[in-house]
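Shown next, in structure tokens, is the structure this report addresses.
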Amino acid sequence: MKYRKGRLLTVVVFAGAMAWVESATVAYLRTLLNRVEPYQQRPLPIVSLFVGAELAREAATVVMLLSVALLAGKTWRGRCGYFMVAFGVWDIFYYVFLKVIVGWPHTLFDWDVLFLIPLPWWGPVLSPVLISIILIIGGILMTDLDGTASLFAPSRVSWVICAAGLITALYVFMATAIYGLLAGSHGIHNILPTQFNWPLFDVALLMLSAPIIEMAFRFRKDRVGTAHPSAGR
């Protein structure tokens, strides 16, 4: 248990440090381009010059977070859990540090360009933060099962529901770019969203939480069964 907590703390510290590097890099770029607030006309005005480097940077960030998770976990379940924690901590502190460095975002409802792979993702700051909270909670629970054959592990059904939730969330984030492509627009990187589909996103959040809900239900059922061992006789 103590060893697991040490590894978890190491992953959290690494993710926090990664968040500062990411925030500083984005702050420099946005300041140079006068795009500290991304929600404005031509939010990515010279993307054609930097798109390759930017896409590679985003991919490299994910690879680095995945690498520390692979080193920390002993099983696929544990590695998945550590990656979820690392990604969630990195994403939340990315906004915390941006606020410290440049004073943005002003509120949790400010629009942001979240990713560019494979299309621009747009969403209020609150949306990735909510997903990150789910990732951290689920990741901690998964790391607790690392190297064990616990009955509390989520079933395949929960993971399928979770995957469907992920696809739904990605659609909500990329909806503006998708509609731009369908309309034949060649400037999808510069299209500004006008609304965020919160009802569908809330459904996606619930689906993403399926493994956590199942684990909590199994844990509660086990606690009740332990407290009343004669209930089934």
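Brief remarks follow.
- Residue 118 being in contact with a Gly (Cβ under 9 Å, 6 or more places away or on another chain), over 16 Å from residue 38 (Cα atoms) and part of a loop (DSSP other than H, G, I, E, B): no
- Among the conditions (1) farther than 28 Å from residue 193 by Cβ; (2) touching an Asp or Glu at 6+ places or on another chain (Cβ under 8 Å), the only one that residue 117 does not satisfy is (1).
- Selection count where residues are part of a helix (DSSP H, G or I) and in contact with a helix residue (DSSP H, G or I) (Cβ under 7 Å, 6 or more places away or on another chain), scope the stretch 96-110: 4
- Number of positions in the stretch 70-118 that are more than 28 Å from residue 177 (Cα to Cα) and of a type in the set (Val, Ile, Thr): 4
- Test: residue in the stretch 100-110 that is under 30 Å from residue 70 (Cβ atoms) and among the hydroxyl-bearing types (Ser, Thr, Tyr): no
- Those residues of the stretch 188-202 which are of a type outside the set (Phe, Trp, Tyr) and over 16 Å from the mean Cα position of the chain (by Cα), in sequence order: 188, 189, 190, 191, 192, 193, 194, 195, 197, 199, 200
- The residues on offer are 123, 138, and the sole one that is in contact (Cβ under 8 Å) with a residue 60 or more places away in the chain, closer than 22 Å to residue 91 by Cα and assigned to a helix (DSSP H, G or I) is 138.
- Considering only residues in the stretch 20-40 that are touching a residue at least 12 places away in the same chain (Cβ under 8 Å) and of a type in the set (Phe, Trp, Tyr), the one that is farthest from residue 125 (Cα to Cα) turns out to be 20.
- Residue in the stretch 38-45 that is modelled with pLDDT of 85 or more, surrounded by fewer than 17 Cβ atoms within 10 Å (Cβ to Cβ) and outside any helix (DSSP H, G or I) present: yes
- Residues of the stretch 157-210 classified as out of contact with any Gly (no Cβ under 9 Å at 6 or more places or on another chain), surrounded by 14 or more Cβ atoms within 10 Å (Cβ to Cβ), small (Gly, Ala, Ser) and at pLDDT below 95, total: 3
- For the criterion of being touching a Phe, Trp or Tyr at 6+ places or on another chain (Cβ under 8 Å), at pLDDT 90 or above and closer than 24 Å to residue 154 by Cα, residue 69 passes.
- In the set 120, 154, only one residue is crowded, with 21+ Cβ neighbours inside 10 Å, of a type outside the set (Phe, Trp, Tyr) and more than 28 Å from residue 21 (Cβ to Cβ); that residue is 154.
- Annotation: residue 127 fulfils all but one of (1) surrounded by fewer than 20 Cβ atoms within 10 Å (Cβ to Cβ); (2) within 12 Å of the chain's Cα centre (by Cα); (3) closer than 28 Å to residue 180 by Cβ; the unmet one is (1).
- Of all residues in the stretch 55-76, those that are buried (at least 19 other Cβ atoms within 10 Å of the Cβ) and not aliphatic (A, V, I, L, M) total 2.
- Meets criteria (without any contact (Cβ under 8 Å) to a residue 40 or more places away in the chain and surrounded by 20 or more Cβ atoms within 10 Å (Cβ to Cβ)) for residue 216: no
The values are calculated or read from the model by the stated rules, or taken from the named source; none is laboratory data. The structure displayed is predicted, hence computed values, not measured ones. Please note: Cβ atoms are built from the backbone with ideal geometry, for glycine as well, and neighbour counts cover all protein chains shown.
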